[in-house]
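These notes concern the structure reproduced below.
Each value in this text was obtained by applying a stated rule to the coordinates, not by laboratory testing. Quantities reported herein were computed from a predicted structural model and do not represent experimental measurements. With ideal geometry, Cβ positions are generated from the backbone for all residues, glycine too; neighbour counts draw on all protein chains shown.
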């Protein structure tokens, strides 16, 4: 008897719920949430900067240095806090970045950056990246295969900071000496 009354009560409640009219306001609220813009200004900036990171590695691997340098802000900085002795820890300004990479196209053969992983942060101008570099060093005829982590900071769509972490021992073994890079 108790079970029968419970089932009848549940049926009545479910039946009543199906007859509760939706107010126009409730329907508008649901529609407004569904129609909310997904692509906010921050998402537009984030997407543009993520594309720039992909382009950064694409152009670098193709040794298209003039186009690659256009991705940098005039006062852009490359930090390499774990670079080996004799190799710069910091390169400041686009002119210095240009000079630092000037010999790269003739110093390396094949150069690819597989396994690029891009991690956006809450700031649409800041990204953490992980990648590998597979680079043929022409002077030593040795492969330079390193694993990297880095931090990109953008300003107005340009690279304002690239902080690059890599294994300096692997670097030195491949290049022979830090001066062999440039």
Would you kindly state how much longer the chain becomes between residue 67 and residue 140 on full extension, computed as 0.36 nm times their sequence separation minus their alpha carbon distance, in nm to one decimal?
-> 23.5 nm
For segment 41-180, what is the Kirkwood hydrodynamic radius in Å, using each pair of distinct C-alpha atoms?
-> 15.4
Order by neighbour count: 175, 72, fewest other Cβ atoms within 10 Å first, most last.
-> 72, 175
Given a cut-off of under 8 Å on Cα pairs at least six residues apart, what relative contact order in percent is computed for segment 41-180?
-> 26
Between the modelled labels at residue 116 and residue 82 (7 Å from Cα along Cα→Cβ) the distance in nm is 2.1
Inverting the mean 1/r over all pairs of different Cα atoms, compute the Kirkwood radius of segment 37-110 and quote it in Å.
-> 14.1
At a Förster radius of 35 Å, what calculated FRET efficiency corresponds to the Cβ-Cβ distance of residue 89 and residue 52, to the nearest 0.05?
-> 0.90
Mind listing P(r) for segment 135-177? All alpha-carbon pairs, 5 Å bins, whole percents.
-> 6, 21, 20, 16, 14, 13, 8, 3
Apply 1/(1 + (r/R0)^6) to the Cβ-Cβ distance of residue 43 and residue 149, taking R0 = 22 Å, and write down the FRET efficiency to the nearest 0.05.
-> 0.35
